[in-house]
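Report on the following structure.
Computed from the coordinates by the stated procedures, all read-outs in this text should not be read as laboratory data. Since we're looking at a predicted model, the values are computed, not measured. Every residue, glycine as well, gets a Cβ built from its backbone with ideal geometry; the counts of neighbours run over all protein chains shown.
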Amino acid sequence: MDRRVMLRRAGTVAAGVAGGGVAGIAAAAPAQAAAGDPVIQGEFNIVKGATTLRNTGVQAALRLETLTTWPAMDGRVMAEPALRIKPSGSTIVNIAEAGAISVDVEGNIWLVTKSTGDSTEAHVVHTTANSNRIVPLVPQRVLDTRYASSRELVPYPHGKFDSSGRLLGGQQISLRLTDYMYQADAIFGTVTVVQPLANGFAQVFPYGVARPANFSTINYASGQVLSNAFVCGVGAEFNTSYVTDLINVYTNATAHVIIDLTAVVIGAGRVNPAFAVPVPASRIVLQGGKPEWEK
């Protein structure tokens, strides 16, 4: 019995390939395969050269499918992975071809975008593990202390406002933003102070941290109507029933306060699509052409 027949009997044959072979699906005993030998499922297939799959049609040259799913406790359906790239090294080798992908030992995904001779241009792919994104919103007013209906997102409002709804000087309130976002990292917005009763300042800062002593989001004089933009981190309430996405607002002089949201910074979280400005991923493909500076 020759060597090829023995290899084929070692496991189920997945597919025939041309070239040096491809990596196997699961680790087992090594199977030394010569060029042109099939991949043995369930075996560790050792190769010494690259394998090219060439497709002259419009569909993908390689498809990996998994049909196994698992029900999660929260009702989600969790899929088995269809592909695994074993992490190795601290970056991708500098002679990798354009389009090459690697995962380093820190979990970063590297993609080579340009390859010329003995040098490459590689970039880390942005994921929720190493970056976030800014999602623009249709501007939303989440607080206007002049109106009772616009103070409904303030938990525990007792003793925080005067009879006209102004935020009392020296008081701090929280704003629950869970209608707009889930597990956000930060928000962009504007704060407006309306006719404060004295000179002072207001602060917008993350929920769950001590109020910063030497910091102000806006400074105002008595009787002014004044606005300023801000970026603020977002916190969560863990002590009672779990509530995500809260910020704090403080003023040292009694005044009406307005908070408007314009964008959300998201990593692993989500934005309520009802309030997000739609930015379709296909817009470049659909619009085509070139920007003016390239024409």
Hey, which lysines would be in cross-link range of residue 290, C-alpha to C-alpha under 23 Å, not counting anything within fewer than 8 residues on its own chain?
114
For a quick check: with amide H placed at 1.01 Å from N, whose amide H comes under 5 Å from residue 263's, ignoring anything fewer than 5 positions away on the same chain?
137, 188
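Calculate the FRET efficiency for residue 59 and residue 83 from the Cβ-Cβ distance with a Förster distance of 22 Å, rounded to the nearest 0.05. Could you put the intermediate results ahead of the total?
Numbers: r = 18 Å, r/R0 = 0.80.
Approximately 0.80, to the nearest 0.05.
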With a 10 Å radius around each residue's Cβ, average the other Cβ atoms per peptide and rank 116-124, 131-139, highest first.
131-139, 116-124
Whichever aspartates and glutamates have a C-alpha closer than 19 Å to that of residue 48, once near sequence neighbours (fewer than 8 apart) are set aside:
37, 97
For peptides 69-75, 274-280, 163-169, 178-184, sequence by mean Cβ density within 10 Å, most packed first:
178-184, 163-169, 274-280, 69-75
At a Förster radius of 41 Å, what calculated FRET efficiency corresponds to the Cβ-Cβ distance of residue 124 and residue 163, to the nearest 0.05?
0.15
